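Laboratory data are not the source of any read-out in this text; all were calculated from the coordinates shown. Here the structure is a predicted model, which means the values were calculated and not measured. Here the Cβ positions follow ideal geometry from the backbone for every residue, glycine too, while neighbour counts run over all protein chains shown.
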Amino acid sequence: MSVISEIEAGQKKKNVPAFKVGDTVKVYSKIIEGGKERVQGFEGIVIKRTGGSNRENFTVRKLVQGIGVERTFPVHSPKVERIELLRAGKVRRAKLNYLRKRIGGRATKVEEMAMTEGTTESAAAPAQ
C-alpha cells in the first residue's frame, strides 16, 4: 500500500449515510467567522456526485426566494459535521443538471421513493 492511500484511509469518515443523486439532504457544515465557530445547515436536492474514495464531492441545490443556490461539499471533509438524509428521491439520471433550467416549484420536484427499513417494492408485493 502506498503512503498516499494510507493517509487517505485515515482521513475517511465512517458515519456517512448512503445517499444518492435525487435525495433531499441536510448538510451541517462548520463556518469560522473571526474567532468563533458555528454550524450552518444547507438543505436541498443532491444534483451531482463526483469522484471516489476520499476525493468524493456532491452538489446540493435549493431555491431561495425563487433563485437557485448550489453548494458543493466534499463528503469526507472535516468542515462537514454531518449529513442527514431527509427524503429518498427516484431519478433516472446520474446528474440532475436539467433542474437548473426549471423555474419555481418545478425546480424542486423529484419523484419521492418510499423509505422503508430493509424492504423494497418488489419484496413487499406478493408474487402471482
Which peptide among 2-8, 45-51 comes first, and what is the full order, when sorted by highest mean count of other Cβ atoms within 10 Å? 45-51, 2-8
Per the rule of 0.36 nm per residue minus the C-alpha distance, extending Glu70 to Ile4 adds in nm 20.7 nm
The lysines whose Cα lies under 25 Å from the Cα of Lys48, excluding any fewer than 8 residues away in the same chain, are Lys12, Lys13, Lys14, Lys20, Lys26, Lys30, Lys62, Lys79, Lys90, Lys95, Lys101, Lys109
Report, in deg cm²/dmol and to the nearest 500, the calculated mean residue ellipticity at 222 nm for the chain, where each DSSP H run with n ≥ 4 adds -39500 (n - 2.57) and the sum is divided by the residue count. -2500 deg cm²/dmol
For segment 1-68, what is Rg from Cα atoms divided by 2.2 N^0.38 Å, rounded to two decimals? 1.40
Take Ile31 and Lys12, extend 7 Å from each Cα along the Cα→Cβ direction, and tell me the distance between the two endpoints in nm. 3.2 nm
Using per-residue counts of other Cβ atoms within 10 Å, averaged over each peptide, order 34-44, 18-28 from highest down. 18-28, 34-44
What dipole magnitude, in Debye to the nearest 20, does segment 17-58 give about its Cα centre under +1 on Lys/Arg Cβ and -1 on Asp/Glu Cβ? 80 debye
On alpha-carbon atoms, Rg over Rh for the chain using Kirkwood Rh? 1.04
